[in-house]
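To keep things clear, I will list the structure first and then write my remarks on it.
Since every read-out is calculated from the coordinates, none of them should be taken as a lab result. None of the values given here were measured: they were computed from a predicted structure. Here the Cβ positions follow ideal geometry from the backbone for every residue, glycine too, while neighbour counts run over all protein chains shown.
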Amino acid sequence: MTGHRPPSEDPTTDVVRWAAFSCVLVPVVLLWYGSSFAGATGTALGLAAVTAVCRFLLRQSERGTVRPHTEEPAPHRGRHQRSGSGSHRGARHTGGGSPVG
């Protein structure tokens, strides 16, 4: 069957395939335009490392969005928690109980 290809089931795989293609294409173009072999090899290794890290991060983000929330998150007890009704630590008081007018 030639011609139309069905859309991919996994868009991350498509992104990684294009990135791998670029890891091959960019050094070839650099060599074509007169760059050194060492420079093209370094570029290929750098692109491969970036591609591997991006692939890892994409997979991790997919796992995070697919994982069902089975547990309730613990209530946040950060440093901005209120300590009683109406009490504000560190607030400046101007004096008496009447508004300044």
Self-check item: Principal axis dimensions, segment 22-65 - Cα atoms, whole angstrom, descending
Solution: 45, 14, 8
Quiz prompt | Efficiency of FRET between Val28 and Val53 - r from beta-carbon atoms, R0 22 angstrom, step 0.05 | solution = 0.45
Quiz prompt | Length released on extending from Thr65 to Asp10, taking residue separation times 0.36 nm less the Cα-Cα span | solution = 18.4 nm
